[in-house]
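Before any comments, here is the structure.
The values are calculated or read from the model by the stated rules, or taken from the named source; none is laboratory data. Everything numeric here is computed off the predicted structure, so don't read it as measured data. Cβ atoms come from the backbone with ideal geometry, glycine included; neighbour counts cover every protein chain shown. Surface accessibility is based on the protein's heavy atoms, side chains included, excluding ligands, DNA and RNA. Shrake-Rupley method; radii C 1.70, N 1.55, O 1.52, S 1.80 Å.
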Amino acid sequence: MAVQEPNKTMAALDHHIDMKLEVVVIPVSDVDRAKSFYTGLGWRLDADVSGKDGFRVVQVTPPGSPCSVIFGSNVTSAAPGSAQGLHLIVSDIEMAHEALASRGAEMSGVFHDAGGVFHHMATDQRLPGPHPSRSSYDSFASFSDPDGNGWLFQEVTTRLPGRIDAKGAAFTSESDLAEALQRAAAAHGEHEKRQGGKHDNDWPRWYAQYLVKEQSGQTLPT
């Protein structure tokens with residue numbers, strides 16, 4: 001079998017090209033029903049465009065997400081309901097679970113995996129409740145749209161190293177930033193206690209350092 005050697009020049013160029021996941025296409029059998037379901041969850045309706053021969057494209061975006069979701073008529077040959085394992089990252093799994101349940105989504109209970117590494121397929125090895133240590137990446141909840149396309153919430157509060165550019169931090173919603181600031185405030189309170197209760201005049205710099213290091217998975221300041 002012949003193996004094509006990568007072009008070194010192109011490989012070097014690829015290293016500097018951002019490749020951002022922009023859209024996920026999911027297969028549905030009833031476009032209006034799917035549109036009602038997703039907008040009912042509070043997802044933003046970006047577009048609903050029709051073309052010739054029944055062609056139709058609907059785009060929605062989950063709150064705070066840089067990636068959108070498209071469904072419609074004649075946009076995919078995949079079987080309705082066949083999209084599985086679509087992950088939505090949240091900073092508080094129980095709050096997110098409650099929010100979607102209140103909007104009519106049929107949610108699973110919050111769960112963690114018996115193996116402690118990601119989660120198994122379907123409902124295999126699910127244990128009830130969030131992970132006992134509430135460690136980042138380890139708590140989940142699932143739901144499906146009317147066609148059976150499967151979604152999961154995954155709680156992430158601290159990113160593993162390399163997942164976020166260490167040169168900066170980005171927050172996709174006001175609530176995410178507020179929760180990060182609350183964690184920073186609690187940690188800074190402990191920092192001041194260790195300093196004998198003395199007020200830290202340089203607290204803005206400490207907060208900034210904490211927020212960036214938390215997102216980039218680096219050791220947090222103490």
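Based only on Cα atoms, what Rg/Rh ratio does region 174-216 have, Rh being taken as Kirkwood's radius? The partial results should precede the final answer.
Values: Rg = 10.7 Å, Rh = 10.7 Å.
Here Rg/Rh amounts to 0.99.
Quick one: order 123, 61, 157 from most to least accessible surface, probe 1.4 Å.
123, 157, 61
What do you reckon, how do 203, 151 stack up by accessible area (1.4 Å probe), largest on top? Before the final figure, lay out each step's value.
On the way: 203 105, 151 10 Å².
Ranked list, largest accessible area first: 203, 151.
When the scattering of the chain is computed by the Debye formula from its Cα atoms alone, each counted once and equally, what is log10 I(q)/I(0) at q = 0.07, 0.10, 0.15 Å⁻¹?
Result of the Debye calculation: -0.31, -0.61, -1.12.
Could you tell me how many degrees, from 0 to 90 and to the nearest 10, lie between the Cα long axis of helix 174-194 and the main elongation axis, the longest principal axis, of the Cα atoms of the chain?
20 degrees
Per residue, how much accessible surface does the chain expose to a 1.4 Å probe? Answer in Å², no decimals. Intermediate values should be presented prior to the final figure.
Values: 13590 Å² over 222 residues.
Counting only protein heavy atoms, the per-residue value for the chain is 61 Å².
If ligands, DNA and RNA are left out, what is the accessible area of residue 198 with a 1.4 Å probe, given in Å² to the nearest 10?
Number for this one is 150 Å².
Nearest 0.05, what FRET efficiency do residue 84 and residue 177 give at R0 = 25 Å with Cβ-Cβ as r?
Numbers: r = 31 Å, r/R0 = 1.24.
Approximately 0.20, to the nearest 0.05.
Of 69, 212, 25, which has the most accessible area with a 1.4 Å probe, and how do the rest follow in descending order? Could you put the intermediate results ahead of the total?
Working: 69 5, 212 40, 25 70 Å².
Result, largest first: 25, 212, 69.
Between residue 17 and residue 201, how high is the FRET efficiency from 1/(1 + (r/R0)^6) when r is the Cβ-Cβ distance and R₀ = 41 Å? Nearest 0.05.
0.45
Could you check what % of the DSSP bridge pairs in the chain are antiparallel, to the nearest 5? Write down the numbers at each step before the final one.
Working: 20 of 28 bridges.
Just about 70 percent of them are antiparallel.
Using helices alone, I'd like the mean residue ellipticity at 222 nm for the chain: each DSSP H run of four-plus residues gives -39500 (n - 2.57), total over residue count, nearest 500. Provide the component values of the computation, followed by the final result.
On the way: 5 runs with 62 residues, N = 222.
Result for the chain: -8500 deg cm²/dmol, rounded to the nearest 500.
Report the Stokes-Einstein translational diffusion coefficient (µm² s⁻¹, integer) for region 84-158, Rh taken as the Kirkwood radius over Cα pairs, at 4 °C with viscosity 1.567 mPa s. Mind dumping the intermediate values first?
On the way: Rh = 12.2 Å.
Calculated translational D: 106 µm²/s.
Which far-off residues, 5 or more places away or on another chain, put their amide H under 5 Å from the one on residue 150, with H placed in the peptide plane?
So residue 150 has HN proximity to 83, 84, 85, 86.
So, taking all protein chains as they sit and a 1.4 Å probe, how much accessible area belongs to residue 121, in Å² rounded to tens?
Answer for residue 121: close to 150 Å² accessible.
Using a Förster distance of 22 Å, how high is the FRET efficiency between residue 103 and residue 32, based on the Cβ-Cβ distance and rounded to 0.05?
Working: r = 18 Å, r/R0 = 0.81.
The calculated FRET efficiency here is 0.80.
May I ask for the angle, rounded to the nearest 10°, between helix 93-102 and the longest principal axis of the chain, with both axes built from Cα atoms and the value confined to 0 to 90°?
Compared with the principal axis, the helix lies near 40 degrees.
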